[in-house]
Amino acid sequence: MSQNISLTRYLVEQQRVDGLIPSQLRLLIEVVARACKGISHAVNKGALGGVLGTADSENVQGEIQKKLDIIANEVLIEANEWGGHLAAMASEEMEEIHAVPNGYPQGEYLLLFDPLDGSSNIDVNVSIGTIFSVLKKPPSDAAVVEQDFFQPGKNQVAAGYCLYGPQTTLVLTVGNGVAMFTLDREQGSFFLTQENVQIPADTQEFAINMSNMRHWDTPVKNYIDDCLQGTEGPRGKDFNMRWIASMVTDVHRILTRGGIFLYPWDKREPGKPGKLRLMYEANPMGWLVEQAGGAASTGTQRILDIVPQKLHERVSVVLGSKNEVEKVGSYFSKL
Ligand code: AHM
Ligand code: MG
């Protein structure tokens, strides 16, 4: 662990690796990290900063927005729109894309984010986070349009999240493994605290919202039933369960010690293929997990191969320790 490698230095060094990240992308990631520092500051202030509680508005998903959802969204937009690296942004909190306004230089990247993931945990002082994904705008002289975002997750050029917990941790991939940075509050900078993060291939820990059990599809129900039987059942081992209800925090645990996370499609809302959003939740998390040696699927298909049809498309998510994700897949193929 080096206290000496700042995020800036790490990115400059990545830039030197066969141009893995062009300077515009490096600067874009720095701006996102700076915005996350601002959000972290607001989260830390909590009630003292008047940021807790509900705003009088709904987002495009029909969810009541929390004040921090809105604040985090504004911080990210304001930090990113003038830098010249971006063509447009898209957010869980905005129905339409936000093109960089006229008057600012237009860059070649597209930034997607869930500004404040785990909103139900804001007011109860449980860890929450920001998730982000970066794509390249398809080459064209035309103005940016929503369809430019409709690229599969395997096209991402950077992805990550910032976890606002006991520590503020930025986790990043630019396609060269996963690195973790911890915010040093005195210095106001992120420092590298783990490199080459690896998820163990096997696990005895699953994360799923068990209260939805009666709504699950048969493969998921059978998989969890078998895990619950422990050493007596077909899996031949005991399983522990964790569910934070902040995907950022559940994924962070999986990157740290392995595990499997499931938010599967269920029968509550037949028209919706899952709760989580493909482009700014499943894709960035899926790529991070793959970059750490894990796997990310819908149960039947690799998440990063899905070509989005809608900006706020939802998807079934199964990700984490590779062998366990494959195990879930085997329950789907038994159908
Ligand atoms: P959000 O982006 O509105 O916060 O919703 C996403 C969150 C995930 O972080 C988490 O895994 C899931 O919703 C929890 O859902 P539930 O409350 O159904 O357990
Ligand atoms: Mg979210």
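About its Cα centre, the chain has a charge dipole of approximately 620 debye under the convention of +1 per Lys or Arg Cβ and -1 per Asp or Glu Cβ, with nothing else charged. Label sites at Lys267 and Thr231, each approximated as a point 7 angstrom past Cα along Cα to Cβ, lie 3.5 nm apart. The residues Tyr161, Tyr10, when put in order of fewest to most other Cβ atoms within 10 Å, stand as Tyr10, Tyr161. For the range 7-194, the dipole from Cβ point charges (+1 on Lys and Arg, -1 on Asp and Glu) about the Cα centre works out to 780 debye, to the nearest 20.
Farthest toward the positive end of the dipole of the chain, out of Ser211, Pro273, Asn102, is the Cα of Ser211, where the dipole comes from beta carbon charges about the Cα centre.
For Asn102 and Ala47, the FRET efficiency from 1/(1 + (r/R0)^6), where r spans their Cβ atoms and R0 equals 35 Å, is about 0.35. When only alpha carbons are used to place a centre, the range 159-199 and the range 278-335 end up 22 Å from one another.
Each residue of the range 76-89 was assigned a 3J(HN,Hα) from its phi angle through the Karplus curve 6.51 cos²θ - 1.76 cosθ + 1.60 (θ = phi - 60°); the sequence is 5, 5, 4, 5, 9, 6, 9, x, x, 8, 10, 9, 6, 10 Hz, with glycine and proline shown as x. By DSSP, the beta bridges lying fully in the chain are antiparallel in about 85 percent of cases.
Within the shell defined by Cβ-Cβ distances under 14 Å, the residues around Glu58 carry a net charge of -4, with Lys and Arg each +1 and Asp and Glu each -1. Each Lys or Arg adds one and each Asp or Glu subtracts one; over the other residues with Cβ under 12 Å from the Cβ of Pro22, this totals +1. Enumerate the amide H contacts of Asp266 below 5 Å, restricted to partners 5 or more residues apart or on another chain; note that Pro and chain-start residues carry no placed amide H. The list, which skips near neighbours in sequence, is Gly274.
Residue pairs exceeding 24 angstrom between C-alpha atoms, taken from Lys45/Lys66; Lys221/Lys267; Lys66/Lys137; Lys154/Lys237; Lys154/Lys322: Lys66/Lys137; Lys154/Lys237. The phi torsions of the range 312-320, fed into the Karplus equation with coefficients 6.51, -1.76 and 1.60 and a -60° offset, translate into couplings of 9, 4, 9, 8, 6, 10, 9, 9, x Hz, rounded to whole numbers, with Gly and Pro shown as x. Taking each residue as 0.36 nm, the span from Asn209 to Asn323 lengthens on full extension beyond its C-alpha to C-alpha distance by 38.9 nm. Within the shell defined by Cβ-Cβ distances under 13 Å, the residues around Ala292 carry a net charge of +1, with Lys and Arg each +1 and Asp and Glu each -1. Length gained on full extension, Asp238 to Val124: 38.0 nm, using 0.36 nm per residue less the C-alpha separation.
Altogether, the Stokes-Einstein calculation at 10 °C and 1.306 mPa s, with the Kirkwood radius of the range 241-297 over Cα pairs as Rh, returns a diffusion coefficient of 131 µm²/s.
Calculated FRET efficiency, Glu95 to Asn4, Cβ-Cβ distance, R0 = 45 Å: about 0.55 to the nearest 0.05.
Each peptide in 139-146, 250-257, 269-276 gets a packing score, the mean of other Cβ atoms within 10 Å over its residues, and the list from highest to lowest is 250-257, 269-276, 139-146.
Each 5 Å bin from 0 upward holds the following percent of the Cα-Cα pairs of the range 4-51: 5, 21, 19, 16, 12, 10, 8, 6, 2, 0.
From a point 7 Å beyond the Cα of Val307 in the direction of its Cβ, which residues of the range 130-162 have a backbone N at a distance under 20 Å? Answer for this model: 135-140, 145-157. Normalised by residue number, the volume inside the convex hull of the Cα atoms of the chain is 139 Å³ per residue.
Computed from backbone phi with θ = phi - 60° and the Karplus coefficients 6.51, -1.76 and 1.60, the 3J(HN,Hα) list for the range 101-111 is x, 4, x, 9, x, 8, x, 10, 10, 10, 10 Hz; x is used for glycine and proline.
Rule-based calculations on the coordinates, nothing more; no lab input. Since we're looking at a predicted model, the values are computed, not measured. When we count neighbours, we look across all protein chains shown, and the Cβ atoms used for this are built from the backbone with ideal geometry, even at glycine.
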